[in-house]
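The values are calculated or read from the model by the stated rules, or taken from the named source; none is laboratory data. Owing to the predicted nature of the structure, the values given are computational and were not obtained by experimental measurement. Please note: Cβ atoms are built from the backbone with ideal geometry, for glycine as well, and neighbour counts cover all protein chains shown.
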Amino acid sequence: MESIHQRIPHRPPFLFVDEIIEITESSAKTKLKVRLEMPFFEGHYPGNPIMPGVLLSEAVFQTGAIFLSDHMKGEHALTDESVTPVLSRIRDARFKRMVKPGEEIEISVFLGEKIGQFFNMRGEIRNEGKVAMTVSFALALVKNESA
């Protein structure tokens with residue numbers, strides 16, 4: 001968990017990454033063990049808990065931010081800690097399988113084109129080796145107001 005906390009500001013109950021599997025020059029892979037005690041399952045849906053698609057998307061976006069935190073270290077202009085990656089676009093999100101408590105999902109992101117401060121990425125979640133969701137998105141580098 002510490003390696004995740006060093007890379008992104010998210011904390012429970014709004015942290016949807018448990019483990020970093022790998023980070024390469026152009027991608028990152030993480031895991032999340034989906035647990036019944038996660039607070040959103042109380043209302044989504046009682047008696048038939050399903051992880052909300054918006055939170056699956058958030059897990060992908062957090063993995064993208066983890067990737068960028070490592071990717072930015074190598075760029076002199078981006079080593080400044082006063083910059084935060086912020087979601088700026090979501091395109092073509094597709095949900096193909098449900099994710100339920102007790103399952104462990106694998107989250108992958110892949111870097112696409114970088115345009116200025118924008119990083120276009122695509123992500124996917126696999127559940128038991130099968131694609132559960134795919135999404136294209138962009139993260140922008142935004143200066144922190146306190147900087």
Of everything in the stretch 19-39 that's more than 11 Å from the chain's Cα centre (by Cα) and closer than 15 Å to Glu103 by Cβ, which residue is surrounded by the fewest Cβ atoms within 10 Å (Cβ to Cβ)?
Glu37
When residues of the stretch 113-147 are limited to those that are assigned to a strand (DSSP E or B) and among the acidic types (Asp, Glu), the one nearest to Thr63 (Cα to Cα)
Glu124
Step by step: first the residues of the stretch 92-123, then only those that are under 12 Å from Ala138 (Cβ atoms) and of a type in the set (Phe, Trp, Tyr), then the one that is surrounded by the fewest Cβ atoms within 10 Å (Cβ to Cβ). Which residue is that?
Phe118
Those residues of the stretch 47-70 which are among the hydroxyl-bearing types (Ser, Thr, Tyr) and at pLDDT 95 or above amount to Ser57, Thr63
Qualifying position, being in contact with a strand residue (DSSP E or B) (Cβ under 9 Å, 6 or more places away or on another chain), over 27 Å from Phe41 (Cα atoms) and crowded, with 18+ Cβ neighbours inside 10 Å, among Ala138, Ala132
Ala138
Output the residues belonging to the stretch 20-38 that are over 20 Å from Met121 (Cβ atoms) and of a type in the set (Asp, Glu).
Glu37
In this structure, does Lys73 turn out to be at pLDDT 95 or above and more than 25 Å from Arg91 (Cβ to Cβ)?
no
